[in-house]
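The structure under discussion appears below in the form of structure tokens.
The values are calculated or read from the model by the stated rules, or taken from the named source; none is laboratory data. All figures in this text were calculated on a predicted structure; none of them were measured in a lab. Here the Cβ positions follow ideal geometry from the backbone for every residue, glycine too, while neighbour counts run over all protein chains shown.
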Amino acid sequence: MKTGTLKQILLITDGCSNQGEDPIAMAALAKEQGITVNVIGVMEHDVIDEQGMNEIEGIAMSGGGVSQVVYAQQLSQTVQMVTRKAMTQTLQGVVNKELQQILGGEKTMEDLPPEQRGEVMEVVDELGETVELEVLVLVDTSASMKHKLPTVKEALLDLSLSLNARSGDNRFSVFVFPGKKKDVEKLLDWTPKLESLTSIFSKLTTGGITPTGPAIREALTYFKKKRSLRSLLSRDDDESFFEESV
């Protein structure tokens, strides 16, 4: 089975967008481009209101990803769980497409006899450990996130450690919204590890609007730039990408 790079946007926020494009529509566009959008809603002592909950769930659903709302102290394990769950979900979708080509019709893993289904899941698990992964993290830095940012930093460091235990290559990039001078600002370019976040996060300022839609749009643009540059520089024309997230 030919696999390529698994691409995810990980959105960490604590409320509703209030500026720019509809984030749910932007997430749907991401899915069309083969990028899964996962969303983690972070609570402290407060709660996320119904509108915020609907938006978090809607973004993940449109983006073919996973959503979870957690208290700040549970963030680290949740970030890892959501990222890996979304990987498995996407890989199962890829495997199901292969099965449909082989078996015809609308057959999926669930239609296989238990023994064969187990063998296919072993393939999915193995792919989850070996596939290349790119995660672009979008961190909400609006005023209400101020006291949660240290926890976000620790969660991202733990995510980096966890994913780098796999044999597959990982690349991370981090953007914040709102930025100092514009809606979205790049904090960290593509890197295999996130240790440098320790010094960068302490300098972050919070406040202002919550432009979630523009943040997702910027993430898509950034993925596209990376892809264009890779095709320009790479001599390997065979590199493939997952074209669809499930």
Only one of (1) surrounded by fewer than 16 Cβ atoms within 10 Å (Cβ to Cβ); (2) modelled with pLDDT under 90; (3) of a type in the set (Phe, Trp, Tyr) fails for residue 190. Which number is that? (2)
Among (1) surrounded by fewer than 13 Cβ atoms within 10 Å (Cβ to Cβ); (2) within 23 Å of residue 39 (Cβ to Cβ), there is one condition residue 177 misses while meeting the rest; what is its number? (1)
Can you tell me which of 163, 149, 127 is crowded, with 18+ Cβ neighbours inside 10 Å and within 16 Å of the chain's Cα centre (by Cα)? 163
Return the pair list, or none, for Cβ contacts closer than 7 Å from residues in the range 3-15 that are at negative phi and modelled with pLDDT under 85 to residues that are surrounded by fewer than 21 Cβ atoms within 10 Å (Cβ to Cβ) and in a strand (DSSP E or B), at least 6 apart or on different chains. 4/241
I'm trying to understand the selection: among the residues of the range 63-90, which are without any contact (Cβ under 8 Å) to a residue 60 or more places away in the chain and closer than 12 Å to residue 11 by Cβ? 66, 67, 68
Quick one: is residue 151 touching a Pro at 6+ places or on another chain (Cβ under 9 Å) and either over 30 Å from residue 183 (Cα atoms) or modelled with pLDDT of 90 or more (or both)? no
Among the residues of the range 73-88, count how many are of a type in the set (A, V, I, L, M) and closer than 12 Å to residue 154 by Cα. 2
Would you list the strands (runs of 3 or more DSSP E) that sit entirely within the range 1-117 and hold 2 or more residues that are closer than 23 Å to residue 179 by Cα? 5-13, 35-43
Just checking, which of 39, 47 is surrounded by fewer than 24 Cβ atoms within 10 Å (Cβ to Cβ) and among the β-branched types (Val, Ile, Thr)? 47
Specify the residue that is nearest to residue 213 (Cα to Cα); the eligible residues are those in the range 130-143 that are surrounded by fewer than 17 Cβ atoms within 10 Å (Cβ to Cβ) and in contact (Cβ under 8 Å) with a residue 60 or more places away in the chain. 143
If you scan the range 159-206, which residues turn out to be touching a residue at least 24 places away in the same chain (Cβ under 8 Å) and assigned to a strand (DSSP E or B)? 170, 171, 172, 173, 174, 175, 176, 177, 186, 187, 190
Some residue of the range 194-214 being at pLDDT 85 or above, farther than 23 Å from residue 151 by Cβ, surrounded by 11 or more Cβ atoms within 10 Å (Cβ to Cβ) and not polar (S, T, N, Q): yes
Does any residue in the range 43-59 that is farther than 12 Å from residue 69 by Cα come within less than 7 Å, Cβ to Cβ, of a residue that is at pLDDT 95 or above and surrounded by 18 or more Cβ atoms within 10 Å (Cβ to Cβ) six or more places away or on a different chain, and which pairs are these? 58/24; 59/11; 59/23; 59/24; 59/27; 59/37; 59/39
Taking residue 68, is it among the polar types (S, T, N, Q) and out of contact with any strand residue (DSSP E or B) (no Cβ under 6 Å at 6 or more places or on another chain)? no
